[in-house]
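Student: Sharing a structure here in structure tokens format.
The values are calculated or read from the model by the stated rules, or taken from the named source; none is laboratory data. All of these numbers come straight from a predicted model, not from anything done at the bench. Positions of Cβ are backbone-derived with ideal geometry, glycine not excepted, and every protein chain shown enters the neighbour counts.
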Amino acid sequence: MKHHDSYQVALTAVDFVQPSEEVDARNVDELVRRIGAQGVWTDPIPIDRDSGIIMDGNHRARAAALLQLKRVPCVLLSYEDPRIRVDHWKTGESFDIRTIFQTIVKHRKTLPYKTTRHSFFPALPKTAVPLETLRSGGDPE
């Protein structure tokens, strides 16, 4: 586990990461191609540390599964963190976080594509974890 720019980044089991929104299959395919060609994971997925709910990066999480990764770099956060803002994607108005938990945890569903927009202040860090490390499930340190 590492701390970057005051964020905690950890290699997290892909099975723990919970999708929060539907994805566009074409975008997922493009990510699989691009990440596979790079051979390294550069954009960690911000998740709720307790539930594994994806805050931003549903396409990346799906790509990780298709790339047969056992672990994926994640920024571990809490929705109570003041560095996070959640808005409606279309209106820009504040989004009620309780809706996320009710939909995903209680009803075991995902939100429609492009429902929420999560903003992080400061910006999230980058990583450079080899895909082979993530496939083996090991820690690069």
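Student: Please verify whether the range 110-117 includes one or more residues that are surrounded by fewer than 18 Cβ atoms within 10 Å (Cβ to Cβ), part of a helix (DSSP H, G or I) and under 19 Å from the mean Cα position of the chain (by Cα).
Tutor: No: zero hits.
Student: Would you tally the residues in the range 100-109 being in a loop (DSSP other than H, G, I, E, B) and either in contact with a Leu (Cβ under 8 Å, 6 or more places away or on another chain) or closer than 10 Å to residue 21 by Cα (or both)?
Tutor: Initial filter on the range 100-109 (in a loop (DSSP other than H, G, I, E, B)): 107-109.
Applying the additional criterion that residues be either in contact with a Leu (Cβ under 8 Å, 6 or more places away or on another chain) or closer than 10 Å to residue 21 by Cα (or both) yields 109.
Summing the residues that are in a loop (DSSP other than H, G, I, E, B) and either in contact with a Leu (Cβ under 8 Å, 6 or more places away or on another chain) or closer than 10 Å to residue 21 by Cα (or both) in the range 100-109 gives 1.
So that you can scan it fast, the table gives a plain yes or no per residue for (1) surrounded by 14 or more Cβ atoms within 10 Å (Cβ to Cβ); (2) in contact with a Pro (Cβ under 8 Å, 6 or more places away or on another chain):
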site: 70; (1), (2): yes, no
site: 96; (1), (2): no, no
site: 101; (1), (2): yes, no
site: 106; (1), (2): no, no
site: 125; (1), (2): yes, yes
site: 128; (1), (2): no, no
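Student: Have a look at 81, 43 and point out the one that is among the acidic types (Asp, Glu), out of contact with any Pro (no Cβ under 9 Å at 6 or more places or on another chain), farther than 14 Å from residue 111 by Cβ and modelled with pLDDT of 95 or more.
Tutor: Result of the check over 81, 43: 81.
Student: Of the conditions (1) among the polar types (S, T, N, Q); (2) within 26 Å of residue 103 (Cα to Cα); (3) surrounded by fewer than 17 Cβ atoms within 10 Å (Cβ to Cβ), residue 38 fails just one. Which one is it?
Tutor: In the conditions (1) among the polar types (S, T, N, Q); (2) within 26 Å of residue 103 (Cα to Cα); (3) surrounded by fewer than 17 Cβ atoms within 10 Å (Cβ to Cβ), residue 38 misses (2) alone.
Student: All but one of (1) within 24 Å of residue 136 (Cα to Cα); (2) among the charged types (D, E, K, R); (3) free of Cβ contacts under 8 Å to residues at least 60 places away in the same chain hold for residue 80; state the number of the condition that does not hold.
Tutor: Going through (1) within 24 Å of residue 136 (Cα to Cα); (2) among the charged types (D, E, K, R); (3) free of Cβ contacts under 8 Å to residues at least 60 places away in the same chain one by one, residue 80 breaks only (1).
Student: Mind listing whichever residues of the range 72-87 are in contact with a strand residue (DSSP E or B) (Cβ under 7 Å, 6 or more places away or on another chain) and closer than 15 Å to residue 49 by Cβ?
Tutor: 72, 73, 74, 75, 76, 77, 78, 79, 83, 84, listed by residue number.
Student: Of the conditions (1) under 18 Å from residue 69 (Cα atoms); (2) part of a loop (DSSP other than H, G, I, E, B); (3) basic (Lys, Arg), residue 135 satisfies every one except a single condition; which number is it?
Tutor: (2)
Student: Please name all residue pairs, on different chains or six or more residues apart, with Cβ atoms under 7 Å, provided the first residue is in the range 27-56 and is basic (Lys, Arg) and the second residue is assigned to a strand (DSSP E or B).
Tutor: So the pair list comes out as 49/76; 49/77.
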